[in-house]
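Structure record follows, encoded as structure tokens.
What follows is calculated from the coordinates using simple rules that are stated; it is not laboratory data. Please read these numbers as outputs of a predicted model, since none were measured by experiment. Note that we place each Cβ from the backbone using ideal geometry, even for glycine, and neighbour counts take in every protein chain shown.
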Amino acid sequence: MRAALESGASADAQAAQAAVSGGVPSLEAAAALLSPAGSDMLEDLAQIAHRMTVARFGKTIAMYAPLYLSNQCACTCTYCGFSMGLNIRRKTLTRDEISREAVTLAERGFRNILLVSAEHPKYVNVDYVCRSIEEVKKVSPYVGLEIAAADEEQYRAYVASGCDGVVLYQETYDPAIYARHHLGGPKKKYHWRLDALERAGAAGVRHLGVGALLGLADWRFEALALLWHARYLERRCWRSQINVSFPRINPAAGGFVADHPVDDRQLVQLLCLFRLALPTAGIALSTRETPQLRDRLVPLGITHMSAGSSTEPGGYGAPGSAGKQFELEDTRTPAEVKAALERMGYDAVFKDWEVMPAASAST
Ligand code: SF4
């Protein structure tokens, strides 16, 4: 990895050109594409990424919505608005509240719901998560989880309750920087988190979402580490679909400022590289980014988008009753995002699969 990073740092125009036209890039070629010389080839890179995306995924975007279960957290993470010491209103949704949030999202069209939670074993334990999945499953055929890292047995319990996917960002792949930003609580354990998606795959989770929180460490290092991790998961968890995401740090309670901010052009370069390097992976784009940038990124490789999101527990039915995790940039409604996609020639797909009842399967 370090060798690839060093070769990328010294990549010239010739090396970048060879990487652009060389098919699915090796780690060394990926480093060249991420280099300043690769940045000069961004237009070519974008055109290839667009062609590859349309050829494989068509002009469709799968829509999803996060549903926050709890902001009660036993961890201290420097960048997060839910961090344990912060003075925000704390809340864990009851089963009735979860049901109301899920029904509200279903009424807005969503059939792909991502359950998100802070990490507090006292409030959000395995039983609570299983009951939450079952509740949401009543209105949404697809339920994913973005919660604390679990062991394989716990992931099996989630799958038995109906869990279709697990999203778990490593935040940063640099262990020293990870230690500086994860100061207390279960999330301190770097390797426990790093290995979690492999445990989820072994437990039968069908979709695995991997990512890094851009801004904590050098973005080129994070990109190569993320690529290595995604490819490792593709090999080890071959029954699962791998998805990737590149969230950038947004303003949150606590006022954290990123040490290594990633600008829009670098984000485009990174997105195009991942489309070339992981041709079959889904790529998710959240409402952390502005409407203008989201619309520009869609043709370059995006397959999944959220819309009309809230980052507070209960934020759809009763907004303002609990603290938010972070601020969002794209505040358009789902209908407005759908209309914007349609103007670009894309279909916004709110429900892209469902198990057909036996009685109707033959008709
Ligand atoms: S990042 Fe997760 S574990 Fe860390 S403080 Fe925020 S909610 Fe808690």
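Would you mind computing, in nm to one decimal, how far apart the modelled labels at ARG231 and HIS191 are, each placed 7 Å from Cα along Cα→Cβ?
Going from the ARG231 label point to the HIS191 one covers 2.3 nm.
Between HIS260 and THR78, what is the label-to-label distance in nm when each label sits 7 Å out along the Cα-to-Cβ direction?
Label-label distance for HIS260 and THR78, simple model: 1.2 nm.
Using Cβ contacts closer than 10 Å as the measure, can you line up LYS351, LYS138 from fewest to most? Don't skip to the answer; put the middle values down first.
Working: LYS351 15, LYS138 11.
Least to most surrounded, the residues fall as LYS138, LYS351.
Using a simple charge model, +1 on the beta-carbon of Lys and Arg, -1 on the beta-carbon of Asp and Glu, nothing else, what dipole does the chain show about its Cα centre, in debye to the nearest 20? Show your work: numbers first, answer last.
Working: 39 positive and 40 negative charges, 137 e Å.
Around 660 debye, computed over the chain.
Hey, rough spin-label estimate for ALA18 and THR94, points 7 angstrom out along Cα→Cβ, what's it come to in nanometres?
Here the answer is 6.6 nm between the modelled labels.
Starting with the fewest neighbours, write out PHE350, PHE82 ranked by other beta-carbon atoms found within 10 Å of each beta-carbon. All intermediate terms of the calculation are to be shown ahead of the outcome.
Details: PHE350 19, PHE82 29.
In increasing order of surrounding Cβ atoms, one gets PHE350, PHE82.
Please list, in chain and number order, the residues 5+ apart from LEU214 or on another chain whose amide H is under 5 Å from its amide H, with Hs placed from the backbone.
ARG248, ILE249
Quick one: 3J(HN,Hα) in Hz for segment 257-273, Karplus 6.51/-1.76/1.60 with θ = phi - 60°, rounded, Gly and Pro as x.
After applying 6.51 cos²θ - 1.76 cosθ + 1.60, I find 10, 5, 6, 10, x, 10, 7, 4, 5, 5, 5, 4, 4, 5, 4, 4, 4 Hz.
Please report the antiparallel percentage of the DSSP beta bridges confined to segment 29-351, to the nearest 5.
Here the antiparallel bridges make up roughly 10 percent for segment 29-351.
According to the square roots a ≥ b ≥ c of the eigenvalues of the Cα gyration tensor, what is the shape class of segment 29-351, taking rounded for a/c under 1.5, prolate for a/b larger than b/c otherwise, and oblate for the remainder? Don't skip to the end; give the middle numbers.
Values: a/c = 1.41, a/b = 1.23, b/c = 1.15.
Rounded is the answer for segment 29-351, as its axis ratio a/c remains below 1.5.
For each of LYS137, LYS324, count neighbouring Cβ atoms within 10 Å of the residue's Cβ, then give the residues from fewest to most. Spell out each step's value before the answer.
Numbers: LYS137 17, LYS324 21.
Ascending number of Cβ neighbours within 10 Å: LYS137, LYS324.
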